[in-house]
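Read the figures in this text as sums done on the coordinates, not as results from a lab. For clarity, every value in this text was computed on a predicted model and none was experimentally measured. Note that each Cβ is placed from the backbone with ideal geometry, even for glycine, and that neighbours are counted across all protein chains shown.
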């Protein structure tokens with residue numbers, strides 16, 4: 001039985017991870033749950049799965065949860081509590097599903113503790129891929145991707161020699177506005193942006209899908225996960241989200257991973273690897289779908305993806321700035337402070353104000369991240 005710690009248990013990935021675990025009670029045991037501020041749902045999850053520890057972001061929320069939970073469940077809070085949830089206890093696998101760059105210190109702590117990482121937090125590798133992958137290699141820790149695209153690439157590469165890889169292609173649904181021109185994006189509402197045609201995701205990642213920032217973050221993440229150059233990574237719009245990504249080899253053979261768009265499949269594969277278990281998801285029936293569509297990526301239509309490639313190629317501090325500026329811009333859009341098209345304007349302006357520098361440690365990443373956030377709020 002594998003012991004699982006989930007960071008971000010009340011979010012979209014976290015709740016789907018628990019649903020996956022519930023279907024295999026003899027295979028998994030939840031030992032820690034960490035959430036932000038959703039006390040009610042965290043308490044409900046803790047009572048159902050009986051972890052030994054739960055964590056909330058703020059002390060007041062932790063005290064409220066403590067009153068509702070049995071004494072044998074330890075309640076902690078803040079960054080120290082999050083690190084304890086990740087690295088304390090005896091978890092075999094830590095699912096990192098916290099949205100944004102907040103999950104970096106806890107992920108590094110889990111690696112230092114020798115935990116297998118089921119990575120659902122792409123910002124960790126975007127901001128600190130060099131640190132995370134080097135430390136994981138030194139500790140002999142496996143980083144197993146949870147994102148459907150990276151899980152697809154991971155599966156396609158099983159049993160293959162990396163030197164035989166010519167390139168990988170990450171598929172993109174195109175997001176909420178994939179069929180709109182740029183002129184038609186003026187004045188779109190938050191509700192429209194949050195209406196994703198294929199996937200059930202949290203608010204931040206759904207907005208990122210609409211701007212194609214999410215695919216840009218995935219490009220940078222793929223560079224680190226699979227040790228590729230940016231010239232070896234392509235993006236293709238695939239509206240049906242059936243082919244989750246594919247690999248082309250030097251002999252021009254292509255291996256793809258297909259399935260219905262349901263995050264429980266890549267989540268479970270990361271938990272059960274190298275085994276495969278049955279899932280409650282639907283089977284893929286290609287005859288019923290009939291046909292699949294593909295479109296070349298238009299970097300003028302989706303400038304945020306272009307910016308992501310540019311920042312990835314610049315390296316050093318540039319991806320950190322890209323990610324931090326986007327996080328603030330998305331927050332401001334969701335609150336109604338800026339328009340949808342302002343998101344890309346904020347990101348590009350902050351990148352233009354930044355002088356790229358080295359980020360040799362977490363402290364320097366935190367400093368540059370904070371600068372980028374201040375700059376993004378001032379625009």
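Across the chain, C-alpha contacts under 8 Å between residues 6 or more apart give a mean separation that, scaled by the residue count, equals a relative contact order of 15 percent. Between 363, 84, 240, the Gaussian network model of the chain with springs among Cα atoms under 10 angstrom shows the greatest mean-square fluctuation at 363. Computed over the alpha carbons of segment 86-233, Rg followed by Dmax gives 16.7, 53 Å.
For the chain, the equivalent ellipsoid derived from the Cα gyration tensor has semi-axes of 30, 25, 21 Å, listed largest first. Taking each DSSP H run with n ≥ 4 as -39500 (n - 2.57) and averaging over every residue of the chain yields -14000 deg cm²/dmol at 222 nm.
Report, for the chain, the % of DSSP beta bridges that are antiparallel, rounded to 5. Beta bridges within the chain, antiparallel portion: roughly 30 percent.
The alpha carbon radius of gyration of segment 2-145, expressed as a multiple of 2.2 N^0.38 Å, is 0.96. For segment 248-282, the residues whose backbone nitrogen is under 18 Å from a point 7 Å from the Cα of residue 294, taken along Cα to Cβ, are 248-260.
Using a Gaussian network model of the chain with C-alpha springs under 10 Å, which one of 223, 162, 135 is most mobile by mean-square fluctuation? With Cα springs under 10 Å in the chain, the top fluctuation among 223, 162, 135 is at 162. Taking the fewest neighbouring Cβ atoms within 10 Å as the starting point, the ordered list for 186, 357, 173 is 186, 357, 173.
Largest GNM mean-square fluctuation across 236, 119, 56, computed for the chain with C-alpha springs under 10 Å, falls on 236. D by Stokes-Einstein for segment 103-151, Kirkwood Rh over Cα pairs, 10 °C, 1.306 mPa s: 150 µm²/s.
Given R0 = 35 Å, the distance between the Cβ atoms of residue 92 and residue 181 translates into a calculated FRET efficiency of 0.10. Stokes-Einstein, applied to the Kirkwood radius of segment 236-379 over Cα pairs at a viscosity of 1.567 mPa s and 4 °C, places its translational diffusion at 70 µm² s⁻¹.
By the Cα gyration tensor, segment 178-292 has an equivalent ellipsoid whose semi-axes, rounded to whole angstrom, run 26, 20, 16 from largest to smallest. In whole angstrom, how far apart do the alpha carbon centroids of segment 98-174 and segment 9-64 sit? Here the answer is 23 Å between Cα centres. Our analysis of segment 315-379 gives Rg over Rh at 0.99, with the two radii drawn from alpha carbon positions and Rh computed by the Kirkwood formula.
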